[in-house]
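The values are calculated or read from the model by the stated rules, or taken from the named source; none is laboratory data. Note that the structure is a prediction, hence the values are computed from the model and not measured. Here the Cβ is made from the backbone with ideal geometry for all residues, glycine too, and neighbour counts use every protein chain on show.
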């Protein structure tokens, strides 16, 4: 079973290196979502770009996403890829529409100097445009129709995403929730071994069905 990893905003594919290293017997592929640090115009464009890459995969795979990558994995479930066999979603939101914290984040970003964004390898204007494109995102109906085995991960200390994680576990028909003790938002870099163990357990449960 191939493992496809999707990173978060302000990251690149190398954030999955430690998780992949803890899974030496698994075929791991981390996708680079923002080539050369360039942001797509909107979330829909990013979804279509990744979907195009996934269409080329000719073996069974699991989609694993953190933060933005998790939102992306949820959105990609609508494509019903023949070889997609499960989802692992970590520290992600499924509904940003009406989300006060997200709107506050956007407001703060608008007043930050360009230098702050450069340190993260991004240009301010394209990043803000992309983030604004997600401000009305609502995958509530989408997640209710996900028929794939799904594991929802969230760090115990990742307070903004804890409630959405619990809600997703209720909304997605075949979902299970794992709250990682003492874990924060970046479980893939802060607790890669724990993350890898959760993946291994998920794969084992799939093969036992």
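Out of curiosity, is residue 31 in contact (Cβ under 8 Å) with a residue 40 or more places away in the chain and either within 16 Å of the chain's Cα centre (by Cα) or farther than 19 Å from residue 143 by Cα (or both)?
No: the conditions fail for residue 31.
Can you pull out every residue in region 87-107 that is modelled with pLDDT of 95 or more and at positive phi?
91
Which residue out of 70, 86 is assigned to a helix (DSSP H, G or I), in contact (Cβ under 8 Å) with a residue 24 or more places away in the chain, within 19 Å of the chain's Cα centre (by Cα) and crowded, with 19+ Cβ neighbours inside 10 Å?
Matching residue, one of 70, 86: 70.
Hey, can you tell me all the residues within region 150-176 that are over 17 Å from residue 95 (Cα atoms) and surrounded by fewer than 17 Cβ atoms within 10 Å (Cβ to Cβ)?
If the condition is that a residue be over 17 Å from residue 95 (Cα atoms) and surrounded by fewer than 17 Cβ atoms within 10 Å (Cβ to Cβ), then 156, 157, 173, 174, 176 are the ones that fit.
Restricting to region 1-49, name every residue that is outside any strand (DSSP E or B), closer than 20 Å to residue 205 by Cβ and out of contact with any helix residue (DSSP H, G or I) (no Cβ under 7 Å at 6 or more places or on another chain).
Those that are outside any strand (DSSP E or B), closer than 20 Å to residue 205 by Cβ and out of contact with any helix residue (DSSP H, G or I) (no Cβ under 7 Å at 6 or more places or on another chain): 25, 26.
Kindly indicate whether any position in region 3-21 is more than 17 Å from the chain's Cα centre (by Cα), exposed (fewer than 15 other Cβ atoms within 10 Å of the Cβ) and closer than 26 Å to residue 175 by Cβ.
Scanning region 3-21, I find no residue that is more than 17 Å from the chain's Cα centre (by Cα), exposed (fewer than 15 other Cβ atoms within 10 Å of the Cβ) and closer than 26 Å to residue 175 by Cβ, so the answer is no.
I want to confirm something. Restricting to region 102-144 and keeping residues that are assigned to a loop (DSSP other than H, G, I, E, B) and without any contact (Cβ under 8 Å) to a residue 24 or more places away in the chain, which single residue is surrounded by the most Cβ atoms within 10 Å (Cβ to Cβ)?
Residue satisfying both the conditions and the ranking: 112.
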